[in-house]
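Encoded as structure tokens, here's the structure I'll be asking about.
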Amino acid sequence: FYEGAGTSHVDAYINSIGGQALVRDLGLPPSFCPSPAKPYNPIRTGYVQAALLERLENWIEDGTAPPASRYLELTSDNKLARDPDGNAIGGIRPPDVQVPLGQYFESNTGPGFCGLFGGFVPFSEAKVNALYRNHGAFVSRFTKAVQENVQDGFLLAEDAQAQREGAAQGSIGKS
């Protein structure tokens, strides 16, 4: 059993791709959460899902067990434990949570099925600049987090490459 810190049932990418299918195939509006209270969660949940599906296939085909279960931590009153940045503690920690640009929420509020959609509240520019003194520092930390996820079995090599390229091509720390 696995729980992902900062992840949601529907992320921004799935909302975008799924929205295209809703319009094209069913003639519906492009989202089941048309006006969320917070911006959609940008963490690509599918990266972890793909890695875990590959681990499951390996287990079936050659007996290589998947990584041990990872659970989110709870407080004494059964709420998610959160780090100083407001992100969930424990579970699978995607690079975005290890090297955060904001607070990632597992759910959202708003009409329709917004409860299934994650939310995101970006840090201020001042906080981002304090966390990552320059672009190289951000990319270095993000790349290290990507590698940890690959080593732990929660990220495939091709998805790791996409994440590294995204960080390197991004604007964080370039101000």
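Do any helices (runs of 4 or more DSSP H) entirely within the range 123-175 hold 3 or more residues that are closer than 23 Å to residue 54 by Cβ, and if so, which?
Output list reads 135-151, 157-169.
Do you know which of the residues in the range 101-123 that are open to solvent by less than 10 Å² (accessible area, probe 1.4 Å) and under 10 Å from the mean Cα position of the chain (by Cα) is modelled with the lowest pLDDT?
118
Can you tell me which of 77, 96, 85 is of a type in the set (D, E, K, R), in a loop (DSSP other than H, G, I, E, B) and within 18 Å of the chain's Cα centre (by Cα)?
85
Here's the yes/no breakdown for (1) without any contact (Cβ under 8 Å) to a residue 40 or more places away in the chain; (2) polar (S, T, N, Q); (3) on the phi < 0 side of the Ramachandran plot:
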| site | (1), (2), (3) |
| --- | --- |
| 79 | yes, no, yes |
| 85 | yes, no, yes |
| 101 | no, no, yes |
| 141 | no, no, yes |
| 147 | yes, yes, yes |
| 150 | yes, no, yes |
| 168 | yes, no, yes |
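May I pose another question? Within the group 47, 71, which residue is within 18 Å of residue 149 (Cβ to Cβ), hydroxyl-bearing (Ser, Thr, Tyr), in contact (Cβ under 8 Å) with a residue 24 or more places away in the chain and open to solvent by 70 Å² or more (accessible area, probe 1.4 Å)?
The conditions single out 71.
The values are calculated or read from the model by the stated rules, or taken from the named source; none is laboratory data. All figures in this text were calculated on a predicted structure; none of them were measured in a lab. Positions of Cβ are backbone-derived with ideal geometry, glycine not excepted, and every protein chain shown enters the neighbour counts. Ligands, DNA and RNA are excluded from the accessible area calculation, which covers all protein heavy atoms including side chains. Shrake-Rupley method; radii C 1.70, N 1.55, O 1.52, S 1.80 Å.
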